[in-house]
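Notes to accompany the following structure.
The values are calculated or read from the model by the stated rules, or taken from the named source; none is laboratory data. What you are looking at is a predicted structure, and each value in this text was computed from that prediction instead of being measured. As a convention, Cβ positions derive from the backbone with ideal geometry for all residues, glycine included, and neighbour counts pool all protein chains shown.
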Amino acid sequence: MMPVLTVRELSASYRKNQVLNNVQFNIKPGTMTSIVGPNGAGKSTLLKVILELHPKLSGNVSFFGSTYNKSKSRIGYVPQRGSVDWDFPTNALDVVLMGLYGQIGWFKWPKKSDKEKALAALSQMGMADFADRQISQLSGGQQQRVFLARALVQDADLYFLDEPLAGVDAATERAIMDTLKVLKEKGRTVMVVHHDLQTVEDYFDHVLMLNRTVVAHGATKETFTKENIYRTYGGTLRWMGEKLG
Amino acid sequence: MMFSLSFNAQWVLLSTLILGMAAGIMGCFAYWKRQSLMSDALSHAALPGVVVGFALMGTKSLPVMIAGAAASALLGALLIQWIRSSSRVKEDAAMGIVLSVFFGLGIMLLTIVNRMPGGNQSGLDSFIFGQAASMVRKDVYIMAGVALLVLLISIIGFKEWKLFLFDPGFARGLGLSSRWMNSIYMAVLVLIIVIGIQAVGVILMSALLIIPAVSARYWTNSFLWMVVLSGLFGGGAGMVGTYISTLGKGWPTGPFIVLAASSLFLVSLAFGVRKGLLVVYLQQRAQKKIHVQSMSHAQATERGR
């Protein structure tokens, strides 16, 4: 089967420091991949470079055998919660509606049917009662669910999520993972930057272990081994090694 | 009161109303781009261009001076960006540098031009504090026309502005180019500043961009209403300030516009329904009352036991 995402010899840097070096992998359709690695391994940068939000030094990225620009409408992105100003004067429903702006068309106003779609996505995330709520008055977990609802209405084939489970409550974690599973069952592909090594095996069928370059990549069962974890995290993981022991 | 004004003065009032509305709306965008101060740097940076434009033509030709203002404001913007990206100087310091250097240069050029034969009759000084009354019919048309254009750009692309200001990264994913939006934003901001400086002056032009937006924030939690209110506040301040300045001979317009805008801000700060001082005070008092009541109730039940 043709991969939905192909990354070839990708390198990128922040000012002086090279954060990604010769990154190379393919993602098969219908898989759910977690991207793990120590702090500074370049996980978020990888997503940003793939989505052309950060410039690359060299390398090649293709989506569905085509370029990013031609595939934009098939790609959904959930940025880190801290990337926007939640004091912005708007409500939850409005934020979700933004996911539909591409389909609505530029310079046109959302119709009633668009609002219904957005509301349905909010309900799917268990947030129907908060549609009119100011986004500044939502908890961190609720804000994350709003972001996920916004990605859902995009109805994309390939989703990128940047630390969606960081600092959220248990109910939100469950709601998000249930939603991602539904996406996977529908044949969509999901890539998640993830920080909690203990849930990798439960949540994801594939794992991409990153430390500036790809250390290991494959089905979680075969790839997420103690040896690979040690190779990815090196000495920084002594305490976690015990935990996983 | 408007009836007693001359036909020209009515036009001036109408155009500062439209200018204020456009500035209020753009100020809202600048506020959420965290660039309120940028408008101040840009308007100060416009002064050398105004003076050079005048010196080139030897006479007060508004289109040339506007072009000069736009060129030097854009140069200032580019310099700020360049200093920020290529040195360790932060954006606020970069704006401080550009603002003072360009303004100083402008004042120096102004002094030289004023000493040239015929220069002191140029009325160039009015560009510093603004003199709406000195505008001729053609100036008024240009200003009103450009302000209307800015108004139109912000209304047609309202949905896009909102997305771009809230989450530019996500906007890019939807195909809304940040480079384009940033360029349009900067172009419109410079446009509104340069057409406003004759009426409001380079020093105080930014007040018409900043104050209405922060005032509007006190009244609403909706972006649409914040933009509408900011436009109304800006238009109101522009018109009232201009009207007062026409009452005396040679009164500058800028300071009166700022006074009008600040009065609106003070009212908003005190009585605004969204975190205005009075509302916050009343909420805290009510909370305290509930707390004291529940405490005394608890004590009473304790004693009753």
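For (1) over 14 Å from the mean Cα position of the chain (by Cα); (2) under 20 Å from B:Ala144 (Cα atoms), each residue gets a yes or a no:
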| position | (1), (2) |
| --- | --- |
| B:Val12 | yes, yes |
| B:Met26 | no, yes |
| B:Tyr31 | no, no |
| B:Arg34 | no, no |
| B:Leu37 | no, no |
| B:His44 | no, no |
| B:Thr59 | yes, no |
| B:Leu62 | yes, yes |
| B:Leu78 | yes, no |
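Take A:Glu116 and decide whether it is in contact with a helix residue (DSSP H, G or I) (Cβ under 8 Å, 6 or more places away or on another chain) and either among the acidic types (Asp, Glu) or closer than 26 Å to A:Val193 by Cα (or both).
Against the criterion (in contact with a helix residue (DSSP H, G or I) (Cβ under 8 Å, 6 or more places away or on another chain) and either among the acidic types (Asp, Glu) or closer than 26 Å to A:Val193 by Cα (or both)), A:Glu116 does not qualify.
Of the residues B:Ser230, B:Ser177, B:Ser183, which is under 30 Å from A:Arg81 (Cβ atoms), within 14 Å of chain A (Cβ to nearest Cβ) and either surrounded by fewer than 20 Cβ atoms within 10 Å (Cβ to Cβ) or not polar (S, T, N, Q) (or both)?
Every option except B:Ser177 fails the conditions.
I need the full set of residues from segment A:104-115 which are within 9 Å of another protein chain (Cβ to nearest Cβ) and either in contact with a Leu (Cβ under 8 Å, 6 or more places away or on another chain) or in contact (Cβ under 8 Å) with a residue 12 or more places away in the chain (or both), in order please.
Within segment A:104-115, A:Trp106, A:Pro110 qualify.
Within the bounds of segment A:53-76, is there any residue that is more than 10 Å from chain B (Cβ to nearest Cβ) and modelled with pLDDT under 90?
No, segment A:53-76 contains no residue that is more than 10 Å from chain B (Cβ to nearest Cβ) and modelled with pLDDT under 90.
Say we look at segment A:128-156 and pick out the residues that are touching a strand residue (DSSP E or B) at 6+ places or on another chain (Cβ under 7 Å) and of a type outside the set (A, V, I, L, M, F, W, C); which of these is surrounded by the most Cβ atoms within 10 Å (Cβ to Cβ)?
Of everything passing the filter in segment A:128-156, A:Gln154 is surrounded by the most Cβ atoms within 10 Å (Cβ to Cβ).
Looking at B:Val136, B:Val150, B:Val146, B:Val113 in this structure, which one is closer than 23 Å to B:Gly68 by Cβ, touching a Ser or Thr at 6+ places or on another chain (Cβ under 9 Å) and away from chain A (no Cβ under 14 Å)?
Only one candidate passes the filter, namely B:Val113.
I'd like the full set of residues that are in a helix (DSSP H, G or I) and surrounded by fewer than 22 Cβ atoms within 10 Å (Cβ to Cβ), limited to segment A:163-174.
Result: A:Ala170, A:Ala171, A:Glu173, A:Arg174.
Pick from segment A:72-100 the residues that are β-branched (Val, Ile, Thr) and over 30 Å from A:Thr6 (Cα atoms): which of them is surrounded by the fewest Cβ atoms within 10 Å (Cβ to Cβ)?
A:Thr90
I'd like to check which helices (runs of 4 or more DSSP H) are fully inside segment B:198-305 and have at least 1 residues that are of a type in the set (Ser, Thr, Tyr) and more than 19 Å from the chain's Cα centre (by Cα).
Ranges flagged: B:277-304.
Would you check if A:Lys48 is of a type in the set (D, E, K, R) and away from chain B (no Cβ under 11 Å)?
No: the conditions fail for A:Lys48.
How about segment B:212-223: which of its residues are in contact (Cβ under 8 Å) with a residue 24 or more places away in the chain and facing chain A (nearest Cβ under 9 Å)?
Within segment B:212-223, B:Arg217, B:Thr220, B:Asn221, B:Phe223 qualify.
Going through segment A:47-71 one residue at a time, which ones are surrounded by 15 or more Cβ atoms within 10 Å (Cβ to Cβ), over 21 Å from A:Met1 (Cα atoms) and without any contact (Cβ under 8 Å) to a residue 60 or more places away in the chain?
A:Lys48, A:Val49, A:Glu52, A:Leu53, A:His54, A:Lys56, A:Gly59
Any chance segment B:276-284 includes a residue that's aliphatic (A, V, I, L, M) and exposed (fewer than 11 other Cβ atoms within 10 Å of the Cβ)?
Scanning segment B:276-284, I find no residue that is aliphatic (A, V, I, L, M) and exposed (fewer than 11 other Cβ atoms within 10 Å of the Cβ), so the answer is no.
Of these, A:Met209, A:Met177, which one is under 19 Å from A:Gln80 (Cα atoms) and modelled with pLDDT of 95 or more?
Being under 19 Å from A:Gln80 (Cα atoms) and modelled with pLDDT of 95 or more holds for just one of A:Met209, A:Met177, which is A:Met177.
Going residue by residue through segment A:24-34, is there one that turns out to be more than 19 Å from A:Ile176 (Cβ to Cβ), under 19 Å from the mean Cα position of the chain (by Cα) and in a loop (DSSP other than H, G, I, E, B)?
yes
Read through the list (1) small (Gly, Ala, Ser); (2) touching a helix residue (DSSP H, G or I) at 6+ places or on another chain (Cβ under 7 Å); (3) away from chain A (no Cβ under 14 Å); (4) under 30 Å from B:Ser134 (Cβ atoms), then give the number of the only condition that B:Gly248 fails.
Checking B:Gly248 against (1) small (Gly, Ala, Ser); (2) touching a helix residue (DSSP H, G or I) at 6+ places or on another chain (Cβ under 7 Å); (3) away from chain A (no Cβ under 14 Å); (4) under 30 Å from B:Ser134 (Cβ atoms), the one that fails is (2).
Every residue in segment A:116-127 that is surrounded by fewer than 18 Cβ atoms within 10 Å (Cβ to Cβ) and either closer than 15 Å to A:Gln143 by Cβ or within 13 Å of chain B (Cβ to nearest Cβ) (or both), please.
Matches in segment A:116-127: A:Gly126 only.
Does segment A:133-140 include one or more residues that are away from chain B (no Cβ under 12 Å) and either of a type in the set (S, T, N, Q) or under 18 Å from the mean Cα position of the chain (by Cα) (or both)?
yes
For segment B:69-85, which residues satisfy the criterion of being of a type in the set (A, V, I, L, M) and either over 11 Å from B:Ala41 (Cα atoms) or touching a Phe, Trp or Tyr at 6+ places or on another chain (Cβ under 9 Å) (or both)?
Correct list: B:Ala69, B:Ala70, B:Ala71, B:Ala73, B:Leu75, B:Leu78, B:Leu79, B:Ile83.
From the list A:Gln143, A:Gln103, which residue is at pLDDT 95 or above and in contact with a helix residue (DSSP H, G or I) (Cβ under 9 Å, 6 or more places away or on another chain)?
Being at pLDDT 95 or above and in contact with a helix residue (DSSP H, G or I) (Cβ under 9 Å, 6 or more places away or on another chain) holds for just one of A:Gln143, A:Gln103, which is A:Gln143.
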